[in-house]
Amino acid sequence: MTVLIPRCHGFCGGVRAALRKADEAIEEARSRSLPCYLYGSIVHNRLVTKSLEEKGVRTILTPDGAEPGVLIIRTHGIPDAMRALFEERGFLIIDATCPVVLRNMSMLREAEGRALIIGVRGHSEIEALSGARPDAPVIGSAAELDGIAAGEYKTVVQTTFSVPLLASIEHEAASRGIVLDVLNSICDASEKRREALSSILDGVEAAVVVGDGESANSRELCALARKAGKKACLTLDGQGIPDEILMCGSVALTSGASTPDEAFDAVRDALMAGKRF
Ligand code: SF4
């Protein structure tokens with residue numbers, strides 16, 4: 001099987017930096033003989049979480065019931081009130097929040113007048129953004145603008161939000177007299193991975209995306225390949241790739257921004273060797 005690999009795939013700069021910080025936090029905890037915790041999932045990939053757990057890191061979402069120690073904040077951030085609670089309880093915070101998310105949180109805190117957040121309710125980044133600005137409504141689609149009063153809003157967008165969906169919300173808002181002063185903070189890491197995959201799809205029969213089903217940008221890569229008329233699948237570690245793809249003569253192999261290099265390399269080597277999972 002011929003395996004084509006796009007020039008851009010795998011960990012983004014924010015995730016690499018977060019994992020370096022997590023390693024520093026583990027060392028810090030060891031040197032002080034303290035427990036080490038992770039606030040939520042550092043990134044949306046179970047292999048990354050498992051590898052941190054194997055290094056003794058425990059995932060928590062509240063200081064309740066946990067002995068104070070070193071706390072790593074996930075790349076998607078933490079609500080201000082929860083961070084303050086951990087600090088009050090004596091936890092040493094090591095902040096691995098992506099700088100792009102930190103900047104958006106600051107913008108919301110400092111924005112004068114009304115503020116609005118565009119993103120997917122329930123996503124961990126939106127929890128952090130809402131924590132920075134609890135009075136800001138969260139809008140995930142044009143239909144959710146019902147109930148938003150006309151007027152001007154300083155608006156921050158989730159880093160992984162869909163560009164076409166943002167455009168449809170802006171269009172609908174304008175027709176309702178809702179003026180969105182938008183900081184378009186959609187991160188281009190995902191877009192670069194999509195563009196790189198698109199550029200090689202013509203030359204292959206199918207696409208395999210290495211990533212977690214929880215990772216929105218990994219799912220989007222898979223959807224993009226299907227939209228281009230290719231057979232496509234998403235796999236965490238090579239398991240579950242359907243025979244119809246394994247039997248193809250050529251595949252594009254890519255990975256999401258939260259996929260470790262080791263997982264990608266293992267799937268690449270197995271595909272090239274014609275190995276079944
Ligand atoms: S995708 Fe962008 S916003 Fe998200 S962690 Fe990576 S660099 Fe940061």
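Residues that are buried (at least 19 other Cβ atoms within 10 Å of the Cβ) and at pLDDT below 95 within the stretch 195-215 comprise just one, Ser215.
Screening the stretch 41-52 for residues that are touching a residue at least 12 places away in the same chain (Cβ under 8 Å) and surrounded by fewer than 19 Cβ atoms within 10 Å (Cβ to Cβ) and picking the one that is nearest to Met82 (Cα to Cα) gives Arg46. Looking at the stretch 151-165 only, could you name the residues that are buried (at least 20 other Cβ atoms within 10 Å of the Cβ) and among the aliphatic types (A, V, I, L, M)? If the condition is that a residue be buried (at least 20 other Cβ atoms within 10 Å of the Cβ) and among the aliphatic types (A, V, I, L, M), then Val156, Val157 are the ones that fit. For the stretch 1-42, give me each residue that is acidic (Asp, Glu) and within 20 Å of Pro260 (Cβ to Cβ). Result: Asp23, Glu24, Glu27.
In the stretch 78-114, what residues are among the small types (Gly, Ala, Ser), away from the ligand (no atom under 16 Å from the Cβ) and not in a helix (DSSP H, G or I)?
Step one: of the stretch 78-114, the residues among the small types (Gly, Ala, Ser) are 81, 84, 90, 96, 106, 111, 113.
Going one step further and asking which of them are away from the ligand (no atom under 16 Å from the Cβ), we end up with 81, 84, 90, 111, 113.
Within the stretch 78-114, Gly90, Ala111, Gly113 qualify.
Going through the stretch 1-48 one residue at a time, which ones are closer than 10 Å to Ala96 by Cβ, aliphatic (A, V, I, L, M) and out of contact with any strand residue (DSSP E or B) (no Cβ under 6 Å at 6 or more places or on another chain)? Once the filter is applied, which keeps residues that are closer than 10 Å to Ala96 by Cβ, aliphatic (A, V, I, L, M) and out of contact with any strand residue (DSSP E or B) (no Cβ under 6 Å at 6 or more places or on another chain), the stretch 1-48 yields Val15, Ala17, Ala18, Leu19, Ile42, Val43.
Taken over the stretch 203-231, the residue count meeting the criterion of being outside any helix (DSSP H, G or I) and in contact (Cβ under 8 Å) with a residue 12 or more places away in the chain is 16.
Candidates in the stretch 53-78 are the residues that are of a type in the set (A, V, I, L, M) and within 23 Å of Gly122 (Cβ to Cβ); of these, the one that is surrounded by the fewest Cβ atoms within 10 Å (Cβ to Cβ) is Leu61.
The values are calculated or read from the model by the stated rules, or taken from the named source; none is laboratory data. What you are looking at is a predicted structure, and each value in this text was computed from that prediction instead of being measured. Neighbour counts run over all protein chains shown; Cβ positions are idealised from the backbone, glycine included.
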